[in-house]
Amino acid sequence: MSKEAIEKVVVAYYNNMAAMNAAGWMESFADDAVICDPVDKPPMNAHADGEKFFALLSKFYDRLEVSPDNIFIAGNGAAAKWTMRASAKNGRAASAEGITVFEMNSEGKIQKLSSYWDEAAMLAQLKE
């Protein structure tokens, strides 16, 4: 897979997340893709759990922006350092930073995604 193709998939992942486009987001993933986001939570499957995941996000957030600050591509994968800005339905705002590692399959889909960030700290900002 070319660096350009990998970057295109990574950017599409973030764009679809920010747009709350569940179908577009799931299109980036292999059928049996594993998501660990953040890594200390139980893994989920993008296709089996995607609609439920986006329903939960839209129930809690008014706005959720996740943008890759830097994308580092090596071999058949990538790591992205990102920034998230969110506002909850309760009017509170929060931000977080993290790193996500993307492992791609031979069809150009995300096979495994592992995100490293402090979700609890961000949620605490939204509940204060």
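Only the coordinates and a few stated rules stand behind these numbers; no lab work does. All values derive from a computational prediction rather than experimental measurement. With ideal geometry, Cβ positions are generated from the backbone for all residues, glycine too; neighbour counts draw on all protein chains shown.
Residue 12 versus residue 99, label points 7 Å from Cα toward the beta carbon: distance in nm?
So the label points at residue 12 and residue 99 sit 2.6 nm apart.
From the backbone phi of the stretch 36-43, what are the Karplus-calculated ³J(HN,Hα) couplings (6.51 cos²θ - 1.76 cosθ + 1.60, θ = phi - 60°) in whole Hz, Gly and Pro given as x?
Values, residue by residue: 10, 9, x, 4, 8, 9, x, x Hz.
Calculate, in whole percent, how much of the Cα-Cα pair population of the chain lies beyond 23 Å.
So the pairs more than 23 Å apart make up 27 percent of the total in the chain.
Quick one: 3J(HN,Hα) in Hz for the stretch 46-58, Karplus 6.51/-1.76/1.60 with θ = phi - 60°, rounded, Gly and Pro as x.
My calculation for the stretch 46-58 gives 4, 7, 6, 10, x, 4, 5, 4, 5, 5, 5, 4, 5 Hz in order.
Where in the stretch 77-114 is the amide nitrogen less than 20 Å from a point lying 7 Å along the Cα-to-Cβ axis of residue 63?
Once the point is set 7 Å along Cα→Cβ of residue 63, 82-98 turn out to lie under 20 Å by backbone N, inside the stretch 77-114.
For the stretch 3-127, what proportion of DSSP beta bridges, expressed in % and rounded to the nearest 5, is antiparallel?
Restricted to the stretch 3-127, the bridges split so that about 90 percent are antiparallel.
Could you give the length gained by full extension between residue 2 and residue 39, i.e. 0.36 nm per residue of separation minus their alpha carbon distance, to one decimal place?
10.6 nm
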